Amino acid sequence: MSDLIVYGFPRSTFVNIVRLVLTHKEVPYTFHDLEPEMGKPSHLALHPFNRVPILRHGDFTVYETSAIVSYLEESFPTPALQPKSVRDRARMNQWISAVNSYYYPYMIYHVSHERNVFPELGIPSDEDVVAHALPKIEVGLKVVERELAHGKDYLLGSELTLADFYMLPSTYSFSFAPEAKAMYPKYPGFSRWREKMEGLPTVSGHREVASNVRSVIGFTRRSKKSLFDRLVGALAPSQREARARE
Ligand SMILES: N[C@@H](CCC(=O)N[C@@H](CS)C(=O)NCC(=O)O)C(=O)O
């Protein structure tokens, strides 16, 4: 068994970034589903900010996705997922920061939660939160489209980098929202990039492992209650109102 453990829950966007990188590098790892432990002392001992993912490698533990993927890149350098040129690395880090600051918050924390997660828990969507996020998502899609005007396969050009694996999970989860179905076809370069990414053996391999039927059924049954308990705090009216202004 591998001495690498990824802690998280299967649906998490950031957890999936880490799992994609490990899959691409063909590094074996064990996945520890933290769903039943979220917010409990065993989880907070790993991540004091109450988030996922967390990586354990032997006696070393690290949280925050960008720190984790940098560690993986340096510990398992081949195949490389960061460019050799200083400027391309800056560009890659620009994408990573943009996903953290603009793509994930609006696509996932705002719209996907309102459209997919809350209704699954029997809670109606807050249309103000969705309406506020949509123009910001449109900006994000225009930026990707403009960058991909170079006509090459990946965000930075012909080289697959961490930027692509950062962008994929947010744009994948958001694709299930009805708004994405209307928006995505307007961006042909972005749609080609998604197709290219989905066709990579890394991505199909990861999806197969992540959608393992037994674990998904287990997750759905078990997680509804804990997800509800966990997110109920986020439903405080003041917090939801704040999200419509962020
Ligand atoms: N800055 C963190 C963000 C991680 C994050 O927000 N993870 C989400 C899941 S995608 C989370 O843990 N949410 C807490 C929850 O769902 O209770 C990182 O880069 O790892």
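The values are calculated or read from the model by the stated rules, or taken from the named source; none is laboratory data. Here the structure is a predicted model, which is why all the values come from computation and not from measurement. Virtual Cβ from ideal backbone geometry, glycine too; neighbours counted across all protein chains shown.
Quick notes on this one:
- Highlighted here are the helices (runs of 4 or more DSSP H) found entirely within segment 1-82 that include at least 1 residues which are surrounded by fewer than 19 Cβ atoms within 10 Å (Cβ to Cβ): 41-44, 65-75.
- The listed residue being at pLDDT 95 or above and more than 11 Å from the ligand (Cβ to nearest atom), out of Thr65, Thr23, Thr13: Thr23
- Qualifying residue in segment 84-99 (condition: within 11 Å of the ligand (Cβ to nearest atom), more than 20 Å from Arg11 (Cα to Cα) and in a helix (DSSP H, G or I)): yes
- Summed over segment 189-215, the residues that are small (Gly, Ala, Ser) and free of Cβ contacts under 8 Å to residues at least 40 places away in the same chain give a count of 4.
- Scan of segment 26-38 for residues that are touching a strand residue (DSSP E or B) at 6+ places or on another chain (Cβ under 7 Å) and either within 12 Å of the ligand (Cβ to nearest atom) or of a type in the set (Asp, Glu) (or both), ordered by number: Leu34
- Residue check for Lys186: more than 17 Å from Tyr102 (Cα to Cα), without any contact (Cβ under 8 Å) to a residue 60 or more places away in the chain and not acidic (Asp, Glu): yes
- Qualifying position, being in contact (Cβ under 8 Å) with a residue 40 or more places away in the chain and within 16 Å of the ligand (Cβ to nearest atom), among Leu134, Leu72: Leu72
- Test: residue in segment 39-51 that is in contact with a helix residue (DSSP H, G or I) (Cβ under 8 Å, 6 or more places away or on another chain), of a type outside the set (Gly, Ala, Ser), closer than 17 Å to Ile96 by Cβ and within 14 Å of the ligand (Cβ to nearest atom): yes
- Tabulated pairs, segment 97-123, first closer than 13 Å to Val143 by Cβ, second of a type in the set (Lys, Arg) and assigned to a helix (DSSP H, G or I), C-beta under 7 angstrom, 6+ apart or interchain: Tyr102/Lys136; Tyr106/Lys136
The rows are residues; the columns are (1) of a type in the set (Lys, Arg); (2) in a helix (DSSP H, G or I); (3) outside the structural domain of Met197 (by TED's automatic domain parsing).
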{"position": "Ser112", "(1), (2), (3)": "no, yes, no"}
{"position": "Arg115", "(1), (2), (3)": "yes, yes, no"}
{"position": "Ser125", "(1), (2), (3)": "no, no, no"}
{"position": "Ala131", "(1), (2), (3)": "no, yes, no"}
{"position": "Leu148", "(1), (2), (3)": "no, yes, no"}
{"position": "Ala163", "(1), (2), (3)": "no, yes, no"}
{"position": "Ser170", "(1), (2), (3)": "no, yes, no"}
{"position": "Lys181", "(1), (2), (3)": "yes, yes, no"}
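- Matching residues in segment 75-85 - criterion: being hydrophobic (A, V, I, L, M, F, W, C) and either farther than 22 Å from Lys25 by Cα or in contact (Cβ under 8 Å) with a residue 40 or more places away in the chain (or both): Phe76, Leu81
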